1. For TYR56, TYR62, what's the largest-to-smallest order of accessible area, 1.4 Å probe?
2. I'd like the distance between the alpha-carbon centres of the range 1-69 and the range 102-136, rounded to an integer number of Å.
Amino acid sequence: MDFSDFVRTRTPSLLRTAFLLTGDRHLAEDLVQDALARTHRAIRRLSGDGGHYEAYTRTAMYHLQVSRWRRRRVAESLPGELQEIADPSSDHSGRVSLQIALHRALSRLTPRQRAVLVLRFFEDRSEGEAADMLGCSVGTVKSQTNKALARLRQIAPDLIETVKGTDR
């Protein structure tokens, strides 16, 4: 797969992950764009390695997001929604309600807690992988995960019941 095919096919997935990390559609678009630019600059190295564009881009996204936290700059926030391709003949109200509730709950977490949850549960990364990507220790990943899940239980108990109900 060449780089332009990668960008065309994987950008929606990258945007969803970036949206979960940032909590803002516009910041997510900026994050993906910056990560893709970094990937493009490293294209010679990646092409010789089988073209691992996605892994490189996702790692760049996490590193860029961590760098933004460390700057302690107040970011402009323009709430937006990612549009997903939906079948017009089906009813997605339950899924949309769950997405809204999840987004609201995630937005009330700290950026670090949100990133740990995205890496551990959305990206299905191990604690060690998450620690490497975030540039922190495994203990920090564990404690942030614990704090984030406790906070979610506190601020969104109805969300947990909804998720338990959909697992059956």
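The values are calculated or read from the model by the stated rules, or taken from the named source; none is laboratory data. Since the structure is predicted, the reported quantities are computational estimates derived from the model, not experimental observations. Only protein heavy atoms, including side chains, enter the accessible area calculation; ligands, DNA and RNA are left aside. Shrake-Rupley method; radii C 1.70, N 1.55, O 1.52, S 1.80 Å.
1. Working: TYR56 70, TYR62 0 Å².
From most accessible down to least: TYR56, TYR62.
2. Value for the Cα centre distance between the two parts: 17 Å.
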